[in-house]
Amino acid sequence: MQLTGSQAGVVVAVLVAAVLHACWNALLKGGKDRLVMVVLLDLTALALSALLLPLARPPAPASWWFLGLSVLLHAGYKLLLLASYRVGDLNQVYPLARGSAPLLVAGFAGLVLGERLGPWQLAGLAGVCGGLVLLLETGRAGPRGRPMIGFALATGVAIAAYTVTDGLGVRRSGTDLGYVVWLFLLGGLPIPLYAAAVHRRDLTARMRERLGVGVAAGALSLTAYGLVIWAQRRGALAVVAALRETSVLVAAVIGTVAFRERFGRRRVVAAGCITAGIVLLNLPR
């Protein structure tokens with residue numbers, strides 16, 4: 001089937017977003033001072049959101065409870081991600097976190113919202129589960145194996161929680177752009193405020209040392225999210241969501257090439273199973 005120009009643009013945008021998302025995670029993993037990098041990432045997002053604020057309508061009152069909860073969940077997600085990268089490889093942590101999240105969202109949708117999964121979605125669940133089991137097996141070796149698995153899976157829980165929260169909140173907001181702008185505006189405060197309170201003596205100097213890399217990570221993060229929002233307005237949501245998760249494979253490759261992480265046959269198969277499973281989960285029912 002031949003893609004139209006518009007469809008091709010959506011595909012390219014989402015694939016670029018997947019690469020950018022994996023890249024900013026790689027910058028975070030490779031950073032010597034990851035907390036400061038998250039501070040700079042959040043402040044970059046806050047500043048750019050402030051510039052977009054005049055262009056966005058404020059979200060409806062019914063969505064503000066979800067916005068507040070999402071801000072807290074995103075802060076927890078970032079702290080768990082920091083802990084995960086402190087003890088684990090990029091090509092293990094990233095697939096575990098990104099793979100477990102859609103699995104949990106699918107379970108929530110089926111058990112709580114009453115959504116039924118079709119044959120393709122059930123096959124996708126099996127693929128994700130198989131890939132996660134393989135990663136769990138390869139991650140047990142070594143003294144840091146269990147903490148890595150625990151933090152990565154907890155990160156996946158946080159991703160699933162804010163995914164559901166934002167999905168419910170944006171439907172009540174009446175404005176996609178307004179919801180996103182306020183989410184990044186408010187979400188840019190908790191981690192910097194925490195860092196300022198705990199490391200107030202040397203935080204400024206540490207930020208100055210890593211300013212370029214931290215701002216680059218923030219710009220990559222916002223650009224990736226913006227491309228996904230652009231694509232969601234022009235393409236099928238299921239297709240966009242499925243293409244986005246190719247970042248699992250990108251992160252696995254970056255971990256091997258840039259950080260010389262071990263990438264044995266099991267990790268190759270696991271990353272492939274997780275990616276294929278997520279794609280199947282997002283196919284139309």
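Brief remarks on what is shown
- The stretch between CYS129 and ARG200, if pulled fully straight at 0.36 nm per residue, gains 21.2 nm over its current Cα-Cα span.
- About its Cα centre, the dipole of segment 1-133 is roughly 120 debye, where the only charges are +1 on Lys and Arg Cβ and -1 on Asp and Glu Cβ.
- Segment 1-71 - accessible surface per residue (Å², probe 1.4 Å): 49 Å²
- Rolling a 1.4 angstrom probe over the protein heavy atoms with all chains in place gives segment 158-212 an accessible area of 54 Å² per residue.
The values are calculated or read from the model by the stated rules, or taken from the named source; none is laboratory data. All figures in this text were calculated on a predicted structure; none of them were measured in a lab. A quick note on method: Cβ atoms are made from the backbone with ideal geometry, for glycine too, and the neighbour counts reach across all protein chains shown. For the accessible areas, the whole protein counts, side chains as well, though only heavy atoms, and no ligand, DNA or RNA atoms are used. Shrake-Rupley method; radii C 1.70, N 1.55, O 1.52, S 1.80 Å.
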